[in-house]
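Trainee: Attaching a single structure in structure tokens format; questions to follow.
Every number in this text was worked out from the coordinates using simple rules, so none of it is lab data. Predicted model, so just to flag it, every value in this text is computed and none were measured. When we count neighbours, we look across all protein chains shown, and the Cβ atoms used for this are built from the backbone with ideal geometry, even at glycine.
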Amino acid sequence: MASLFWLEGNEEMEKSFLIPISRRDFMKMAGMATVGALAEGTIGGAVTVEASRKSGSTMTYAGKEIPVLFAVDVCVTGGGPSGTAAAIMAARNGARTVLIERGVALGGLAVLGCVYPFMDTHAPDSDTPYVAEVKERLRKHGIEPFDGVTQQTWHNPETLTFIYDEMCAEAGVDVLFQTVVMDTVVEGRKLTACIVQTIAGLAAIQARIFIDCTGDAYLSRSAGVPFERGYEKTGNNQPLSFRFEMGGIDIDRLYQHVAVELKEDWCKSKPPYFEIAEAMHRKQRYKLEELMDKGVASGEITQEEAEYMQAYTIIGKNGVMSMNCPEIPVKFSATDPISYSKAVAYGRRMMHNIAAYLIRHLPGFEKAFISREAAMLGARESWRIRGKHYLVEDDYHNQSRFPDAVCRTAWFIDAHGEKVSEKLPKGGFYEIPYGSLVTEEIENLIVAGRCISASFILQASMRIQPTCMSIGEAAGIAAAWGIKKHIAVNEIVWDKIPAEKRSYVSKLQGKS
């Protein structure tokens, strides 16, 4: 368990919150806090604010006294696939760890975004120990993740987030829910604190090492790390999605119509594992495109709404499917707050139109209804850091190998909104090096998940959830190793860590 101490000066700390809080609730929170001390630093790599040392329970930030909730070894920001893995592995390796999550459930898009099942990496032997453990825990909870045909990992969100809670509790990770990273305090080349908005107001978290798993590289950008966003050729982000679930579906009737009557069983799996799809923009001519074309012709749905539709059954939720649509037009930006906010309402309207059309016209959907909306938009790509190693498209095609590789993957270049969609030959794969997780600028920062150092095209391949989980797993191991050996994490040589302590060991032989 993470070490926690009672703070002195609780009365002063209580007053430091920026919004009202009851003394009883405050005392509960104070009991989880640790003493911290910060020196004057820079915020976001540019703005200088007052962050003076204070030998007590609070620190001065922007002229205000705010409480220091935790002073730990490792602070992980973002409780998605990579962040949960990073926190669990750091704690298992002996680091006192706190995990910050802006929602009320761990799992990120795999839970809050209705993005399930996990796609397959298509790389042989790509499951790192953490990924294999998550699959085995699903089995123990009555969810068989393997359909017998594809390599997708089927799950349901309620079970997955419960498993993550279990794993964090067992490892001793302290989780802060409904907590948002607001800012950072940087001293020289070290990130010394992150400023968070909690349910009680602003607070600080100090750590020896920070792991940015926000997906948007927010912690890194705030600390002054160089970044990119969008496709280098167009400036566009990959399109956002607004996934949802539909209940009340007659899965057997749907299967009969699509797989038997239309003779389109391209997934080859059978209920309860079943998938339907159409993607006009990829010109693959799925049988359901005709149905969607008719909707455009009749004016019931728009061409934008007809372009992309995919649905998966959800294991353990009978009659419910996860709808991988709508794909919100690329004119909406994943990195502009105004455009993003407009995309929410636009996407919700698309969602309701698609659902209503399927209910009217797709056999099996006659009694269906929207049973759940995602609690967050699906961002395939937003910001990416520029780290010590920058992965590019050639690394994909050359099947690059690296001595400091933390995982392997072969998911195709899945760049929605762009005319790029390429696959490696069967059995091929490339590796992701540790150097793409660390930066020159901040010595105690590791980045994991879809915002690592990679070009737009390469990121379109490595962004899938199992790969992000493996990257997070390695980040947690590296953080704990750096603390034990007193090594700056951006100076760690991954392949110098004993093989039995690493989650992945490269066999090289490919190109590098």
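Trainee: Taking θ = phi - 60°, what integer Hz values does the Karplus form 6.51 cos²θ - 1.76 cosθ + 1.60 yield along the range 334-340, in sequence order, with x for Gly and Pro?
Mentor: 7, 10, 10, x, 6, 4, 4
Trainee: Shape call for the range 143-242 from the C-alpha gyration tensor, a ≥ b ≥ c root eigenvalues: rounded (a/c under 1.5), prolate (a/b greater than b/c) or oblate?
Mentor: Values: a/c = 2.33, a/b = 1.27, b/c = 1.84.
It is oblate, given that a/c is not under 1.5 and a/b is not larger than b/c.
Trainee: Taking a 28 Å limit on the Cα-Cα distance, which of the listed pairs Lys135/Lys342; Lys135/Lys423; Lys287/Lys317; Lys135/Lys270; Lys388/Lys484 fall beyond it?
Mentor: Values: Lys135/Lys342 37 Å; Lys135/Lys423 26 Å; Lys287/Lys317 26 Å; Lys135/Lys270 20 Å; Lys388/Lys484 23 Å.
Pairs exceeding 28 Å: Lys135/Lys342.
Trainee: Sticking with this one: Need the C-alpha centroid separation for the range 316-374 versus the range 196-236, integer Å.
Mentor: Using only Cα atoms to place each centre, the spacing works out to 28 Å.
Trainee: Can you list the GluC sites (Glu not before Pro) in the range 384-482 that are in a DSSP coil and have 16 or fewer other beta carbons within 10 angstrom? Present the calculation step by step, with values, prior to reporting the outcome.
Mentor: Working: sites: Glu393, Glu418, Glu422, Glu431, Glu440, Glu441, Glu443, Glu473; in loops: Glu418, Glu422, Glu440, Glu441, Glu443.
Sites meeting the loop and neighbour criteria: Glu422, Glu440.
Trainee: Counting Lys +1, Arg +1, Asp -1, Glu -1, what net charge surrounds Gly142 among other residues with beta carbon under 15 Å of its beta carbon?
Mentor: Values: positive: Lys135, Arg137, Arg139, Lys140, Lys317; negative: Glu136, Glu144, Glu158, Glu166.
Neighbour charge sum, excluding Gly142 itself: +1.
Trainee: Any idea how far the Cα center of the range 429-473 sits from the one of the range 165-188, in Å?
Mentor: With the range 429-473 and the range 165-188 each reduced to a Cα centre, they are spaced 20 Å.
Trainee: Further question on the same structure: Can you tell which of Ile199, Ser220, Pro239 lies farthest toward the positive end of the dipole of the range 195-252, using +1 and -1 charges on the Cβ of basic and acidic side chains (Lys, Arg; Asp, Glu)?
Mentor: Value: Ser220.
Trainee: Let me have the 222 nm mean residue ellipticity of the chain computed from DSSP H runs of 4+ only, each contributing -39500 (n - 2.57), with the sum over all residues rounded to the nearest 500. Kindly include the intermediate steps, with their values, before the conclusion.
Mentor: On the way: 13 runs with 137 residues, N = 512.
-8000 deg cm²/dmol, from helical runs alone.
Trainee: Next up: Below 8 Å between Cα atoms, with a sequence gap of 6+, how large is the relative contact order for the chain in percent?
Mentor: Numbers: 1282 pairs, mean separation 95.7, N = 512.
Result for the chain is 19 percent.
Trainee: At a threshold of 8 angstrom on Cα-Cα distance, excluding pairs fewer than six apart, so keeping six or more, what relative contact order does the range 114-214 reach in percent?
Mentor: Values: 99 pairs, mean separation 17.0, N = 101.
Relative contact order for the range 114-214 comes out at 17 percent.
Trainee: Same structure, new question: In terms of the Cα gyration tensor, with a ≥ b ≥ c the square roots of its eigenvalues, is the range 292-331 rounded because a/c is under 1.5, prolate because a/b exceeds b/c, or oblate? Before the final figure, lay out the partial values.
Mentor: On the way: a/c = 4.14, a/b = 1.84, b/c = 2.25.
Here the range 292-331 falls in the oblate category.
Trainee: Rounded, prolate or oblate, given the Cα gyration tensor of the range 263-347, with a/c below 1.5 counting as rounded? Don't skip to the end; give the middle numbers.
Mentor: Values: a/c = 2.26, a/b = 1.41, b/c = 1.61.
Note, shape of the range 263-347 comes out oblate.
Trainee: Counting Lys and Arg as +1 and Asp and Glu as -1, what is the net charge of the other residues whose Cβ lies under 12 Å from the Cβ of Lys507?
Mentor: -1
Trainee: Antiparallel as a % of all DSSP beta bridges within the chain, to the nearest 5? Provide the component values of the computation, followed by the final result.
Mentor: Working: 49 of 69 bridges.
So the antiparallel bridges in the chain amount to around 70 percent.
Trainee: Right, another one. Pick out, in residue order, every one of the trypsin sites (Lys or Arg not before Pro) in the range 447-512 that is DSSP loop and has at most 12 other C-beta atoms within 10 Å; say none if there are none.
Mentor: Hits after loop and neighbour filter: Lys507.
Trainee: A further question on this structure: Where Lys and Arg each count +1 and Asp and Glu each count -1, what net charge lies around Asp127 among other residues with Cβ under 13 Å from its Cβ? Spell out each step's value before the answer.
Mentor: Details: positive: Lys135, Arg408; negative: Asp120, Asp125, Glu133, Glu136, Glu473.
Value of the local net charge: -3.
Trainee: Can you list which of the trypsin sites (Lys or Arg not before Pro) found in the range 220-268 are DSSP loop residues with at most 16 other C-beta atoms within 10 Å?
Mentor: Working: sites: Arg221, Arg229, Lys233, Arg243, Arg253, Lys263, Lys268; in loops: Lys233, Arg243, Lys263, Lys268.
Here the trypsin sites (Lys or Arg not before Pro) that fit, given the DSSP loop and packing criteria, are Lys233, Lys263, Lys268.
Trainee: At a threshold of 8 angstrom on Cα-Cα distance, excluding pairs fewer than six apart, so keeping six or more, what relative contact order does the range 244-373 reach in percent? Please list the in-between numbers first.
Mentor: Working: 199 pairs, mean separation 46.2, N = 130.
Relative contact order here is 36 percent.
Trainee: Show me the three semi-axes of the equivalent ellipsoid for the chain, from the C-alpha gyration tensor (sqrt of 5 times each eigenvalue), largest first, rounded to whole Å. Mind dumping the intermediate values first?
Mentor: Details: eigenvalues 314, 134, 92 Å².
Computed over the chain, the values are 40, 26, 21 Å.
Trainee: Right, here's the next one. Can you give me the long-range amide H partners of Val111? Hydrogens built in the peptide plane at 1.01 Å from N, cutoff under 5 Å, separation of 5 or more residues or another chain.
Mentor: Those qualifying (amide H under 5 Å, at least 5 residues apart or on another chain) number zero.
Trainee: Find how much the distance from Glu491 to Ala62 grows on full extension, using 0.36 nm per residue of separation minus their present alpha carbon separation; answer in nm with one decimal.
Mentor: 151.2 nm
Trainee: With +1 on each Lys and Arg Cβ and -1 on each Asp and Glu Cβ, and nothing else charged, work out how big the dipole of the chain is about its Cα centre, in Debye to the nearest 20. Before the final figure, lay out the partial values.
Mentor: On the way: 56 positive and 63 negative charges, 59 e Å.
With Lys and Arg at +1 and Asp and Glu at -1, about 280 debye.
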